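Inspection log for the structure reproduced underneath, given as structure tokens.
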Amino acid sequence: MTPTPTPTPAEATPAAAATSTATATPSADAPPAAALDAWRVLSLDLPRLHADLAAGRPDAFAARLAALPPLTGADLDALADDLARLAALDVLMVEAVARRHRLDLPPRTAAAVADAVGAVARRCGIPPILSYPLYIRVNPTDMAAIRRFTPLAAEFRFIRMHRLIEDVFDRLIAGLDRVLDAPDRAAALAAAMPGLRADFRLVNRTMAAFRSPARIDRHAFVDGFRPYFEPVLDPATGRTVLEGPSGLQSPTYRIIAMQIGYRDRVMDGWTDRIAACHDPATRARLAAARAARDAGRSLTAVCDAVLGPAPDLPHLHPAYAADIPALLGAALAGGYVSPDIVATFAHFALPLGEWPAEAPADGEAPPRMAAPPVAPVGRATLADLAEIEAMLFGMHLEHAAVAAVQIGAVRGTGGTSGVEFLLLATFRRAFPRLWLSGLGANLAGGLGG
Ligand code: HEM
């Protein structure tokens, strides 16, 4: 599941190193393709330049930056979208390096960087800062072509493990689409369960691996490559002007969340906010998933179809703490969370079930309600849904634990409080009525047996 440490891309293949030397000092009147190539070569060389930069010797990097040919909109207009996004990755990684090391660039170089940043942002319809979709999704997985800031094996794994999860998210989306588009959704769900089980176990275990020092050493993360993910702050007020790369910007997670049926103002508020960091096609995809959810295309609707009409219940509420023990038991029984998860939370003095202080106050507690009579076939569907809720709950627990280990009390690069924000998800329910009727806890007790 986890790749072994590797040398830097430039060291990995002699061909890459040769390209790098050949184009290290491109001329200012180079043709457009050469301008793109020059930015790409510098981006690929970042791991090799990192040691000097980290030691406070920026001259080699600054000289390479000053020698880059101007990159303009005209260079990018003719490119296919995927190549334009790759160019954006290159330019925005180089910009992140200059910003992180607070380089005092000559005005001409600073203007050339700003122009290149503006050109890729306009061409791709994205903000002028590196984003999670670029760094994790657009980044090639090929070892000789992968872009990274440092030669650290931890960064290589960080990208590859994230990418693995994103690839599984793609598969989950396709599987959930099949369920939601089926004429008999309950039967399609039963057929999809083995795939969902395997995929969520893979996602949650990969997530858990992010807290292993052997995979992602904390020092390498916190001092090595996370500083390149910092947001842009207003120097006068300290307020965030542009959010840095964060898993918060993962569109695939949001689509799964909407397919399952999460619907609350925290979730939707962040979906709106992060939409800006996506290209127009992804923004349209997110909007379509949300409209479909609101029109009843979600697993919440499958649940409601079994339980009958119900009042509009909140999906996020402090009262849902009551179901945490049942969900935890089901997640442990199903292999959706690590056996040491409770000890990890205790170690970081993070009490499960305590509504985070920064979280918005929410309305009245939803009423606990009597369970309606359910036929055995409907009961089997509800058991599937309770298990899916446990899969998601396990993912949220693993994620919050990773953040506790890796960043502690520090704020997230995406603009949230960090661990507190992630813990909020343990109070989110895709199937509120299932839990409020007591059926969820009842069925969860029988899972994994
Ligand atoms: C070292 C590893 C990780 C750390 C420290 C971390 C930290 C965080 C933090 C602090 C947030 C809150 C948003 C912010 O302010 O940035 C967040 C959100 C998020 N992260 Fe991670 N994360 C890690 C790994 C992952 C992985 C492997 C994924 C898988 C795709 C992921 C997906 C997400 C998602 C989907 C959100 C939004 C959650 C929500 O809206 O409830 N993260 N992460």
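For Val342 and Ala66 in the same chain, what is the full-extension length gain: residue separation times 0.36 nm, less their Cα-Cα distance, in nm? Before the final figure, lay out each step's value.
Values: separation 276, 0.36 × 276 = 99.36 nm, distance 5.19 nm.
My answer for the length gained is 94.2 nm.
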**Message:** Using Cα springs under 10 Å in a Gaussian network model of the chain, which residue among Ala119, Ala375, Ala301 shows the largest mean-square fluctuation?
**Reply:** Ala375
**Prompt:** What value, in deg cm²/dmol to 500, does the helix sum -39500 (n - 2.57) over DSSP H runs of n ≥ 4 give at 222 nm once divided by the residues of the chain?
**Reply:** -18000 deg cm²/dmol
**Request:** Please report the relative contact order for the range 168-444, taking Cα pairs under 8 Å with a sequence separation of at least 6, and give it as a percent rounded to a whole number.
**Result:** 28 percent
**Fill in**
Length gained, Val374-Arg102, 0.36 nm per residue minus C-alpha separation, equals 91.6 nm
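Provide the gained length on full extension for the span Val222 to Ala74, in nm with one decimal, where the gain is 0.36 nm per separating residue minus the Cα-Cα distance.
Details: separation 148, 0.36 × 148 = 53.28 nm, distance 3.80 nm.
Between Val222 and Ala74, full extension yields an extra 49.5 nm.
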**Message:** Between Gly224, Gly414, Gly438, where does the largest GNM mean-square fluctuation fall for the chain, given springs only between Cα atoms within less than 10 Å?
**Reply:** Gly438
**Fill in**
Loop-resident trypsin sites (Lys or Arg not before Pro) in the range 32-104 with no more than 16 other Cβ atoms inside 10 Å, DSSP not H/G/I/E/B, are Arg102
**Asked** What's the longest bit of the chain with no exposed GluC sites (Glu not before Pro), using DSSP loop states and at most 14 other Cβ atoms within 10 Å as the test?
**Response** 1-353
**Request:** Could you tell me how many degrees, from 0 to 90 and to the nearest 10, lie between the Cα long axis of helix 185-209 and the main elongation axis, the longest principal axis, of the Cα atoms of the chain?
**Result:** 50 degrees
**Prompt:** Can you list the trypsin sites (Lys or Arg not before Pro) in the range 176-255 that are in a DSSP coil and have 15 or fewer other beta carbons within 10 angstrom?
**Reply:** Arg239
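Every number in this text was worked out from the coordinates using simple rules, so none of it is lab data. All figures in this text were calculated on a predicted structure; none of them were measured in a lab. As a convention, Cβ positions derive from the backbone with ideal geometry for all residues, glycine included, and neighbour counts pool all protein chains shown.
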